[in-house]
1. Between the range 165-196 and the range 240-302, how many Å separate their Cα centres?
2. Work out, step by step, the length gained on full extension between residue 113 and residue 313: first 0.36 nm times the residue separation, then minus their alpha carbon distance; give nm to one decimal.
3. Separation between the residue 230 and residue 306 pseudo-spin-labels, each 7 Å from Cα along Cα→Cβ, expressed in nm?
4. Given the DSSP H assignment, sum -39500 (n - 2.57) over each helix run of at least 4 residues in the chain and divide by its residue total; what's the result at 222 nm in deg cm²/dmol, nearest 500?
5. Which three semi-axes in whole Å describe the equivalent ellipsoid of the range 134-184, each the square root of 5 times a Cα gyration tensor eigenvalue, listed largest first?
6. Between helix 141-162 and the chain, what is the angle of the helix's C-alpha long axis to the longest principal axis, kept within 0 to 90° and rounded to the nearest 10?
7. What FRET efficiency would be calculated for the residue pair residue 374, residue 394, taking the C-beta separation as r and a Förster radius of 41 Å, to the nearest 0.05?
8. So how much slack lies between residue 166 and residue 256, counting 0.36 nm per residue of separation and subtracting their Cα-Cα distance, in nm?
Amino acid sequence: MTVTLPRITTQTPAEQTAFTILVMISVCHLLNDMMQTLLSAIYPLLQSNYGLSFAQIGVITLTFQGTASILQPLVGFYIDRNPRPYSLALGMGLTLLGLVLFSQAGSYPVLLLAAALVGTGSSVFHPESSRVARMASGGRHGLAQSMFQVGGNAGSAIGPLLAALIVLRHGQTSLVWFSLAAMLGIYLLIKVGHWYKAHGLRRLQARAAASPPPVRLPRGKIALALAVLLGLMFSKFFYMASISSYYIFYLMAKFQLPVQSAQLHLFAFFGAVAVGTLAGGPIGDRFGRKVVIWVSILGVLPFTLALPYANLFWTGVLSVPIGMILASAFPAIVVYAQELLPARVGTVAGMSFGFAFGMGGIGAAVLGYLADMTNLIYIYQLCAFLPAIGLLAVFLPDLETESGRRKRLAL
């Protein structure tokens with residue numbers, strides 16, 4: 001007779017993954033990004049209501065994402081030195097104000113002001129919540145980043161669906177209904193703030209003390225690695241801007257789809273992005289960050305090259321692997337950058353999300369002007385080559401210590 005002894009865990013509280021906190025942060029990320037994606041999903045409605053050009057639509061995205069891009073690194077730098085457990089709830093409150101203003105806007109400048117408020121809310125939410133995810137990770141940094149980011153991707157997928165079902169049917173003023181989602185987010189983030197204040201910082205400090213010393217690299221190599229990561233994020237988020245801001249218009253122009261049908265295609269794309277994000281972090285924990293970065297950036301190239309020449313059926317099919325493969329890169333990139341600068345977790349998160357937002361905003365504005373001068377089919381033919389920048393990953397150094405590699409292989 002075989003007796004199975006109960007498994008005895010030797011993990012300390014600092015090493016255990018706080019899944020409840022990760023779930024709450026992920027849900028709040030879902031609510032935050034759902035509200036943001038609602039805005040881009042109703043661009044056709046705004047274009048009709050205000051007589052906007054593609055360039056003006058791009059400027060709305062640039063205002064929102066540019067504000068977030070500039071402020072997020074500053075917020076991350078500040079919170080590394082002055083942790084603020086309840087700043088997450090404040091960020092969600094700013095997003096709430098922007099959303100209400102969007103619903104009542106009577107002119108284009110007011111739309112830009114509302115976009116700036118939403119961007120400011122994101123600038124507070126993203127770096128600090130990424131830092132909280134690392135606190136709660138128990139050392140499973142890739143998994144924690146994936147759980148955090150997949151909430152945002154799920155929100156991005158739900159946004160266009162809700163826009164089709166609610167906002168397009170009931171008008172721009174119906175955006176105010178989503179203030180209830182923001183209020184729920186504020187409530188949950190106050191709860192997270194309580195945990196952050198009581199346990200989070202202590203866990204992070206204990207985890208840092210128990211971890212093996214990081215690989216020390218010369219400043220020149222660190223600068224080169226950061227430059228490569230920025231190049232990879234440029235290729236990813238410039239291409240993502242072409243989808244998030246103009247995919248609906250592309251489907252309407254090329255295949256004569258109605259707005260609601262086009263938004264369902266955008267929902268499918270963002271759903272694939274959510275799946276890719278959820279997979280990217282754990283795969284990076286198991287096989288290493290560089291493997292995920294290589295595959296996720298460069299591996300999407302055949303699909304992006306084929307997309308502009310596909311019919312409607314294959315356009316829908318190709319958008320799924322594009323979303324999944326491209327999205328799997330970001331959790332690995334963020335964790336890799338945090339391992340590159342382990343004493344600057346908040347700064348790295350702010351820089352990563354800020355650069356991502358900035359590239360998305362600049363990409364939307366630049367592509368909008370190009371679309372006004374040419375057409376959207378040309379835009380997608382041009383953007384198809386962006387993933388080739390993934391070849392720069394060859395210059396990324398190996399950050400794993402031998403003990404870290406053994407721990408990863410044991411997962």
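The values are calculated or read from the model by the stated rules, or taken from the named source; none is laboratory data. Since the structure is predicted, the reported quantities are computational estimates derived from the model, not experimental observations. Every residue, glycine among them, receives a Cβ derived from its backbone with ideal geometry; neighbour counts consider all protein chains shown. Accessible surface is based on the protein model in full, side chains and every heavy atom, while ligands, DNA and RNA are left aside. Shrake-Rupley method; radii C 1.70, N 1.55, O 1.52, S 1.80 Å.
1. Centre-to-centre (Cα) distance: 25 Å.
2. Computed gain between residue 113 and residue 313 is 68.1 nm.
3. With each label placed 7 Å out from Cα toward Cβ, I get 3.5 nm.
4. Numbers: 17 runs with 310 residues, N = 411.
Calculated at 222 nm, the ellipticity per residue is -25500 deg cm²/dmol.
5. Details: eigenvalues 203, 30, 5 Å².
Semi-axis lengths for the range 134-184 are 32, 12, 5 Å.
6. 20 degrees
7. Efficiency at R0 = 41 Å is approximately 0.80.
8. 30.2 nm
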